[in-house]
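Report on the structure given below.
Where a number appears in this text, it was derived from the coordinates with a stated rule and is not lab data. Being a predicted model, the structure only gives us computed values, none of them experimental. Neighbour counts are summed over all protein chains in view; Cβ atoms, including those assigned to glycine, are modelled from backbone coordinates with ideal geometry.
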């Protein structure tokens, strides 16, 4: 009889723990904060974005552990925001994830998305393309790599996610003296790829 009572008590405690965990998960989603111990699709999206920008946090398994913590911490230090290893609203905004995290949906290229005709050129990370700023990160502090796009912030604000036909998705994270008005400068992995792109008029989708 005693063993049955003990078993029932353990089951009740487990149910309370599960319920508390679910409530905590809802609060995290509502408060727009991801931290050590969290898990799910939002964490996976965070990991994919960090990996994309060179802040490696392992496979995007959806579990916020030590690698994800270190990835967030490194990113925060690089862009000059509070470095605490917690992906809060400011960090998510710099990563371009704030809106998609709130809605918890995939980015749509229709409906509310806006299309703008732009003239796009290409550049790479070499000294010739980046004189006199060779070796420095983008305006928002991201390492220069494919996916980094220079824009006129008066036309496309910094942090805006874009889709450029023939190039792919990127983020407005850099600026340039010649990039004014409806102009884009797309970062490529090599100088030859930038030359191959040349100058094109494209219909850019603002995500």
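Going by neighbour counts of Cβ atoms within 10 Å, the residues 118, 158, 199 line up, fewest first, as 199, 158, 118. For the stretch 32-106, just say rounded, prolate or oblate: build the C-alpha gyration tensor, square-root its eigenvalues into a ≥ b ≥ c, call rounded for a/c under 1.5, and beyond that prolate if a/b exceeds b/c, oblate if not. Here the stretch 32-106 falls in the rounded category.
The fewest-to-most ranking of 114, 145 by surrounding Cβ atoms within 10 Å reads 114, 145.
How much of the calculated P(r) for the stretch 114-206 lies past 21 Å, in percent of all Cα pairs? In whole percent, the long-distance tail amounts to 19. Ranked by how many other Cβ atoms sit within 10 Å of their own Cβ, fewest first, the residues 161, 154, 200 fall in the order 154, 200, 161.
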